[in-house]
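Contents: one structure, followed by commentary.
Bear in mind these aren't lab numbers, they're just calculated from the coordinates by the rules spelled out. All of these numbers come straight from a predicted model, not from anything done at the bench. Ideal geometry is used to build each Cβ from the backbone, glycine not excepted, and the neighbour counts take in all protein chains shown.
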Amino acid sequence: MISTLQHYWSVAACFARLAVQRQLEYPLFLVSWLLMIPISYFSGAWMLKVIIDRFHTLNGWDFPQIAFIYGLGLLSHGVMVVFFINTWHIDNMVIEGHFDRLLLRPMNVFFQLIASYVNFIGLIDLIPGAIIFLYASHLVGMEWSFVNIIKLFFMMIGGVLIRAAMFICLGSVSFWTKRSASLVGFTLTLLERTTMYPLNIYPRMLQLIFTFLIPIGFISYYPASELLGKESGFHIPLSMALWTPVVGIVCFIISQFIFSIGMKKYESSGS
Amino acid sequence: MIQAYWYIAKMRILTTLAYRFEVFAAVGSQLILMLAAVFLWKTAYTGDSSSNSMPLDQIVTYTILSILLGSFFICDVQNTIYRKIREGQIVVDFYRPSTLLGCYLADDLGTMISSVVNKVLPLFILASIFFKPPLPVSFTSFLLFVPSCILSYAILWLLSAIVGLTAFWVMELGNLGMVKDSIVRILSGSMIPLWFFPTSVQTISKFLPFQYTYQTPLSIYIGEIDPIDALQAMLIQSVWIAVLYVLLYVVWNQAKKKTLIQGG
């Protein structure tokens, strides 16, 4: 058991090294990306500020709190983009037949999928997110106590897992329908608009859907509400620090299940 | 010769219709943006009783129409040029008897026509279901809105073409069109009208072309700009078109020279 884990770990490290080398080959290429992403995120925060300056609150959320949830959402997005970005490419790999290559190797296919693309360029997403979050937590006066840091850590993991699970499920759709790349963009927009604003701006119906059907609310809204000590729409017992990772793990397991069903179909169709 | 351009546009219409999954995702994304923006405004307005700003349904119409225009104004020329330069295919387009930029414009116009059915119409219906139909304030404003839109599209397209052509020099930096898009998104008033911004920003924006792309036609539509001022605004739009056209002409000639020197 230990030796299997060690083996997997060494493969992951090797993949990571290759990924970094690959991404550093054409550094200038990233300039446009490096400009665009921070501009998008900071301007998004700026626009929220403009609205709140005029209207003072959004359902009881003032600017520091809005910036807090915005930053929190961006953090889990950034971490997901660094580690799980290959889930966006599943449909391309199905079409090009790259999965055959992965199937031939004596290692878990999903592991290979994820470990082979550690996306350091994703740091461009993560760093503005961290800046905004740290700034907001300063404005809000969040106490960086040991408990809070642990809570934050678990909320992060949960958030990342929920996001990854969504993309895995959508990517797995391509095992049946071949083309699903456009759904990635759709999901990104959806996640953006639901994790960067407090969920209570949406009507009750949508809040219900995003809590119980597709648990996006657990990525940033409920954790942020708890850390800020605010009332969220539903009274959920126990701490979000417990619920979020649990929801994340459950979602992830479901997505793994869907992925493996898709893989079986892929193998049997002999593409 | 016009037939050649029409053929390109027609092909583009047919290809876009064939990809229905993409269409669903595109409409879906725009719908989410619309819902998020409108709910954000509604929430903002509930908390504010003393506001001296415009009534809620006007800003909702503004936002909904902004999304509709956004899915209608297709300026893929910047991505097309970038991609073709990267793949080396741009040379092939130089050989054709029709002008390269003319072809790309025909491409975009074709996509625009199909996007009316694919995106604008469904989004209009969805907006009417979720909120209310975004109708213009008066018939006159609608009559002025249409030419203003045409002028807006010209500004946007010329900007995209110029930015796209910069790839002839700085291709290694990546797709600068994306950078331009994020800047335009803020400064064009497509998300938040510029009169919400601090005065310093508004002053600077007056001397940039961006606010005349979305904010001007949208303001005409909701009646924020009355008919007389609308004509003046359209004059400013035309000035910008002239400026950008000259700029495009210069950049295009430089690009052609560069390609000839390098032997394609």
Excluding residues fewer than 8 positions from A:LYS151 in its own chain, the lysines with Cα under 23 Å of it are A:LYS230
In terms of the alpha carbon gyration tensor, root eigenvalues a ≥ b ≥ c, rounded if a/c is under 1.5 and otherwise prolate when a/b exceeds b/c or oblate, the range B:124-230 is prolate
Among A:ASN148, A:HIS138, B:VAL27, the residue whose Cα sits farthest towards the positive end of the charge dipole of the protein assembly as shown (+1 at Cβ of Lys and Arg, -1 at Cβ of Asp and Glu, taken about the Cα centre) is B:VAL27
So for the range A:8-60, using the alpha carbon gyration tensor with a ≥ b ≥ c as root eigenvalues (a/c under 1.5 gives rounded; past that, a/b versus b/c decides prolate or oblate), I'd call it oblate
What helix-only [θ] at 222 nm does the protein assembly as shown give? Using -39500 (n - 2.57) per DSSP H run of at least 4, over all residues, to the nearest 500, the answer is -24500 deg cm²/dmol
Applying the gyration tensor rule to the Cα atoms of the protein assembly as shown (axes a ≥ b ≥ c; rounded if a/c under 1.5, else prolate if a/b exceeds b/c, else oblate), the class is oblate
Helix B:121-130 sits off the longest principal axis of the Cα atoms of chain B, rounded to the nearest 10 on a 0 to 90 degree scale, by 20 degrees
Computed over chain A: longest principal axis from alpha-carbon atoms vs helix A:63-83 long axis, angle to nearest 10 degrees, is 10 degrees
Within the range A:113-150, DSSP-loop chymotrypsin sites (Phe, Trp or Tyr not before Pro) with at most 13 other C-beta atoms within 10 Å are A:TRP144
Beyond 30 Å (Cα-Cα) in this structure, taken from B:LYS42/B:LYS119; B:LYS180/B:LYS256; B:LYS10/B:LYS42; B:LYS10/B:LYS206; B:LYS10/B:LYS258, we find B:LYS10/B:LYS42; B:LYS10/B:LYS206; B:LYS10/B:LYS258
Note, A:LEU228: beta-carbon cut-off 15 Å, +1 each Lys/Arg, -1 each Asp/Glu, net -2
Zone reached by a paramagnetic label modelled 7 Å from A:TYR26 Cα along Cα→Cβ, restricted to the range B:167-191 with backbone N below 12 Å, covers B:171-175
For chain B, the longest principal axis of the Cα atoms and the Cα long axis of helix B:2-18 enclose an angle in degrees, to the nearest 10, of 60 degrees
Filtered hits (lysines, Cα-Cα < 22 Å from B:LYS257, offset >= 8 within chain) -> B:LYS84
Distance in nm between A:HIS7 and B:THR199 label points, each 7 Å along Cα→Cβ, equals 7.2 nm
Taking Lys and Arg as +1 and Asp and Glu as -1, residues besides A:LEU75 with C-beta under 15 Å from its C-beta add up to 0
Counting Lys and Arg as +1 and Asp and Glu as -1 over every other residue whose Cβ sits under 12 Å from the Cβ of B:SER141, the net charge comes to -3
